[in-house]
1. Of Ala255, Gln305, Cys241, which is farthest along the charge dipole of the range 216-398 in the positive direction, counting Lys and Arg as +1 and Asp and Glu as -1 at C-beta?
2. Quick one: putting +1 on the C-beta of Lys and Arg, -1 on the C-beta of Asp and Glu, what dipole do you get for the range 2-90 around its Cα centre, in Debye to the nearest 20?
3. As a test of the formula, what do you get for the chain when each DSSP H run with n ≥ 4 contributes -39,500 (n - 2.57) and the sum is divided by the residue count, at 222 nm and rounded to the nearest 500 deg cm²/dmol?
4. Take the alpha carbon gyration tensor of the range 316-427, find the square roots of its eigenvalues, order them as a ≥ b ≥ c, and report rounded if a/c is under 1.5; if not, report prolate when a/b exceeds b/c, else oblate.
5. Would you work out if the chain is rounded, prolate or oblate? Take a ≥ b ≥ c from the square roots of the eigenvalues of the alpha-carbon gyration tensor; rounded if a/c is under 1.5, else prolate when a/b is larger than b/c, oblate otherwise.
6. Which ordering of Trp314, Trp406 is given by a fewest-first count of other beta-carbon atoms within 10 Å?
7. If I build a Gaussian network model for the chain, linking alpha-carbon pairs within less than 10 angstrom, which residue out of Asn169, Asn418, Asn57 has the largest mean-square fluctuation?
8. Going toward the positive end of the dipole of the chain, with +1 on Lys and Arg Cβ and -1 on Asp and Glu Cβ, which of Phe142, Ser153, Ser109 do you reach last?
Amino acid sequence: ILSLIRSSHTKSFQKGEAIVRQGDTGESFYLIESGHCDVIHTDEEGNERTVSSLGRNSYFGEMSLLKKVKRQADIVATTETTVVEVGREWFERVMGSSKTFQRHVIEISKSRMKHLRRATNPVEDVTMDQLETVAVLGQGAFGRVTLVKQKGSDLPYALKAMSIEAIENNGMTESILAEKNAMTICDHPFILKLHKTFTDSQRLYFLIDYIVGGELYDAIQRGKGTAHGIPEEHAKFYGACIVLALEHLSFHNLAYRDMKPENTMIDEMGYGKLIDMGFTKPAANKRYTLCGTPEYMAPEIIRTQGHNHSVDFWAFGVLLYEMVCGATPFADYNTDAIFRNVLRGKVRFQEGMSAPLVTLIQSLLEADAAKRLGVLAGGVEDVISHEWFSGINFGDMTQKKVPAPWIPDVKEELDTSNFKEVQQSEESVDENYSCNGEWLKNF
């Protein structure tokens, strides 16, 4: 970026003035020095749609330079705006000299192109018969998750299908509605996005983002050495994604209750997203259900003393430890032994772990839920402002301006190479089954 700035000049624009126009030939790359802009796309019928907004330190213009295509949208100043303009020659020179910058810009460009296509093919207009199955991504007791694409646009989505009969027979109706409500409330770059729901006579469906990079668990296994986990700087990046997701959940007074690396997926730019909100509940009232994965359960869950969102910060401490050490601090040969380890609360920190990380994990693995970091007077801000996260620009993280430690090797949007092969089995569905309740009217 510094090389680009040295080879550039600045331009100023008034509110309402277009910096670039859709359809123009692109010969420059722009970095916003001050001000704000809207990205406005006009479809073939002349309808305008504001696709996104850009602020200070955001950049644009890379699509035309990388793909040698016309400008895909208008960029219009919404305040007095100053931009740094860089010509094609210098842009290509810097792209060639910095592989990290190159990959980050390419992934940003891919993400923006997909976002633009989504904006011009509104998901609210999608129907089930417009979805074409590409592959099975996962299968469980209640149904399966498939990769689908929207006919015509080829936009990728994941479709989670669940058997209504299995849900009702297992008393899961309240949990399914709570999951849908939580996903509807949440709108955050590091939380899985629910786009739409469908039902038919036998199943209900969640149309969600397809996250192409696989699980954080696999990223940890891929990045760790023989005895330890991934480097602290990498763990700090993923930890920042997760704590920002927790901040959003806390804002909406929700307890996630199922944190583990298998429930964080890596998107096309290398950022983590929380998925699977099946245990997510309002945090206002204490819950007494034994839920989650044993190695991540807080003491108050095991003791059935009643719990709230404090359990998420305990699990976050376990996850930080696992990312850096390669295993959870309470791992053992069976569930009873794991529970004893959790209640005993003794954690052995590996040599080489930084002092700030050790103090952060200790504060998160506080046995007394009322004294646990994240639920004190400062809330989740106490975690975000902890010394270990110094150097992380959380504003840049949210806007995905920080290069990720690992970017999935993805050949195209429908790539499934970062997912394990699923052994498919035939779904057993009683075609004559009739729904027992009114609950689906709220779905």
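Rule-based calculations on the coordinates, nothing more; no lab input. Note that the structure is a prediction, hence the values are computed from the model and not measured. As a convention, Cβ positions derive from the backbone with ideal geometry for all residues, glycine included, and neighbour counts pool all protein chains shown.
1. Gln305
2. Numbers: 11 positive and 14 negative charges, 67 e Å.
The dipole magnitude comes to about 320 debye.
3. On the way: 14 runs with 139 residues, N = 443.
When only DSSP H runs of four or more count, the value is -9000 deg cm²/dmol.
4. Values: a/c = 2.07, a/b = 1.21, b/c = 1.70.
Judged from the Cα gyration tensor, the range 316-427 comes out oblate (a/c at least 1.5, b/c at or above a/b).
5. Numbers: a/c = 1.94, a/b = 1.29, b/c = 1.51.
Judged from the Cα gyration tensor, the chain comes out oblate (a/c at least 1.5, b/c at or above a/b).
6. Working: Trp314 28, Trp406 15.
Sorted ascending by nearby Cβ count, the order is Trp406, Trp314.
7. The residue that fluctuates most here is Asn169.
8. Ser109
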